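Remarks on the structure that follows.
The values are calculated or read from the model by the stated rules, or taken from the named source; none is laboratory data. None of the values given here were measured: they were computed from a predicted structure. Cβ sites come from the backbone with ideal geometry, for glycine too, and all protein chains shown count toward neighbours.
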Amino acid sequence: MSRKVHCVKLDKEADGLKWITYPGELGERIFQQVSQEAWQMWLSHQTMLINEYRLTPIEPKARKFLEEEMEKFFFGGGSEKPKEFVEPEK
């Protein structure tokens, strides 16, 4: 049986994450308030940010940027796509 959370991103009751996916206080907030569906949305958005900005996630500056964007994505006004980003054709 999966645990349910009221997802802060989707504003609905949904399946919660199975484990803490990020360290620290932010990771705990995500675990308590973010659904599996919203986490998958973040992973896609994060991949786009890494690719568009050509980030190297092991670099501290890139990790700080991604953490700030993650917090905005879930708990702020949302993380913006780069101005130059063009959605891929399906």
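A count restricted to segment 30-40 and to residues that are out of contact with any strand residue (DSSP E or B) (no Cβ under 9 Å at 6 or more places or on another chain) and either β-branched (Val, Ile, Thr) or surrounded by fewer than 16 Cβ atoms within 10 Å (Cβ to Cβ) (or both) stands at 2. Under the condition of being β-branched (Val, Ile, Thr) and touching a Lys or Arg at 6+ places or on another chain (Cβ under 8 Å), the residues counted in segment 1-60 number 1.
Within segment 9-25, the set of residues being of a type in the set (A, V, I, L, M) and either crowded, with 16+ Cβ neighbours inside 10 Å or part of a strand (DSSP E or B) (or both) comprises Ala14, Leu17.
Cβ-Cβ distances below 9 Å connect the following pairs, each with a first residue in segment 53-73 that is in contact (Cβ under 8 Å) with a residue 60 or more places away in the chain, a second residue that is outside any loop (DSSP other than H, G, I, E, B), and a separation of six or more residues or different chains: Phe73/Ala38; Phe73/Met41; Phe73/Trp42; Phe73/His45; Phe73/Gln46.
His6 satisfies every condition listed in (1) part of a helix (DSSP H, G or I); (2) modelled with pLDDT of 95 or more; (3) surrounded by fewer than 17 Cβ atoms within 10 Å (Cβ to Cβ) except (1). None of Gln46, Gln32 is assigned to a helix (DSSP H, G or I), in contact (Cβ under 8 Å) with a residue 24 or more places away in the chain and in contact with a Gly (Cβ under 9 Å, 6 or more places away or on another chain) except Gln32.
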